[in-house]
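Here is the structure we will look at.
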Amino acid sequence: SSSGMMFVSLPGMDPAGEVLSLFSDGLSLKATEALPDMGLYRRFAVQWMAEDAFALNAFENGAVYGGEGHIWAENPQRPLPNIPIKGGYLTRLGDSAAALPMLAEVYTYPMDLTAPVDLTVEASVTAATCDRELLGEVLLSEGGTVVKTDLTMATPTCDAIGDVLVLNNPLPDLKLAAAN
């Protein structure tokens with residue numbers, strides 16, 4: 001706002017609810033808001049910097065790409081106030097136009113979800129990503145306990161621009177499964 005206030009809703013990963021904001025001039029600000037309901041949710045996140053772009057997909061109830069139950073950036077299923085949703089939802093964080101952007105996608109779903117959810121992490125082969133390693137991190141929060149794992153994907157040469165690398169079932173063992 002014009003007074004320097006910022007109001008934002010962020011998906012918390014641990015019950016302490018600590019948020020650290022880093023600014024380009026080196027200034028950092030920290031705030032904390034306890035999250036007592038963390039035991040009700042699971043959150044799976046993928047985060048990266050700059051052009052090392054990843055995409056998170058959640059397939060609820062056996063959904064297929066683009067079908068009902070496919071939760072991703074184009075269909076995040078964001079919850080509305082006072083309106084319950086059945087499954088999970090996706091939150092995108094960061095601004096790719098910022099200098100050296102820090103970006104993330106977070107999928108939030110209930111701990112007691114009875115329907116199956118399959119997760120994938122994708123990386124598109126582009127002129128900016130071809131023929132090098134993409135670096136990121138995946139995080140899983142279950143009941144407020146967070147597990148972090150480094151994510152590295154080696155992309156093919158630039159003659160594969162347009163292909164998509166897919167990491168199927170990134171939990172628990174994070175194995176590269178297919179390239180389309």
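Please verify whether THR126 is modelled with pLDDT under 90 and among the polar types (S, T, N, Q), treating the condition exactly as stated. So THR126 fails the test. With at pLDDT 95 or above and loosely packed, with under 14 Cβ neighbours inside 10 Å as the only criterion, which of THR157, THR145, THR152 stands out? Result of the check over THR157, THR145, THR152: THR157.
Out of all the residues in the stretch 104-117, is one or more among the charged types (D, E, K, R) and either more than 30 Å from GLY26 (Cα to Cα) or open to solvent by less than 80 Å² (accessible area, probe 1.4 Å) (or both)? Reasoning before the result, please.
Of the stretch 104-117, the ones among the charged types (D, E, K, R) are 105, 112.
Narrowing further to those that are either more than 30 Å from GLY26 (Cα to Cα) or open to solvent by less than 80 Å² (accessible area, probe 1.4 Å) (or both): 105, 112.
Yes, the stretch 104-117 contains at least one residue that is among the charged types (D, E, K, R) and either more than 30 Å from GLY26 (Cα to Cα) or open to solvent by less than 80 Å² (accessible area, probe 1.4 Å) (or both).
Scan the stretch 4-24 for residues that are open to solvent by less than 90 Å² (accessible area, probe 1.4 Å), over 21 Å from ASP37 (Cα atoms) and part of a loop (DSSP other than H, G, I, E, B) and the total you get is 1.
Could you please find all residues in the stretch 8-30 being polar (S, T, N, Q) and out of contact with any Ser or Thr (no Cβ under 7 Å at 6 or more places or on another chain)? Reasoning before the result, please.
Here is the first cut: in the stretch 8-30, the ones polar (S, T, N, Q) are 9, 21, 24, 28.
SER9, SER24 - these are the residues of the stretch 8-30 that are polar (S, T, N, Q) and out of contact with any Ser or Thr (no Cβ under 7 Å at 6 or more places or on another chain).
When the criteria are applied in full, ALA104 meets the requirement of being modelled with pLDDT of 95 or more and under 24 Å from PRO11 (Cα atoms).
Which residue is most open to solvent (accessible area, probe 1.4 Å), if the candidates are limited to the stretch 64-103 and must be among the hydrophobic types (A, V, I, L, M, F, W, C) and part of a loop (DSSP other than H, G, I, E, B)?
Of all residues in the stretch 64-103, those among the hydrophobic types (A, V, I, L, M, F, W, C) come to 64, 71-73, 80, 83, 85, 90, 93, 97-100, 102-103.
From what's left, part of a loop (DSSP other than H, G, I, E, B): 64, 73, 85, 97-100.
Values: VAL64: 97, ALA73: 35, ILE85: 69, ALA97: 91, ALA98: 45, ALA99: 97, LEU100: 119 Å².
Of everything passing the filter in the stretch 64-103, LEU100 is most open to solvent (accessible area, probe 1.4 Å).
The values are calculated or read from the model by the stated rules, or taken from the named source; none is laboratory data. Since the model is a prediction, treat every value here as computed from it, not as a measurement. Every residue, glycine as well, gets a Cβ built from its backbone with ideal geometry; the counts of neighbours run over all protein chains shown. Only protein heavy atoms, including side chains, enter the accessible area calculation; ligands, DNA and RNA are left aside. Shrake-Rupley method; radii C 1.70, N 1.55, O 1.52, S 1.80 Å.
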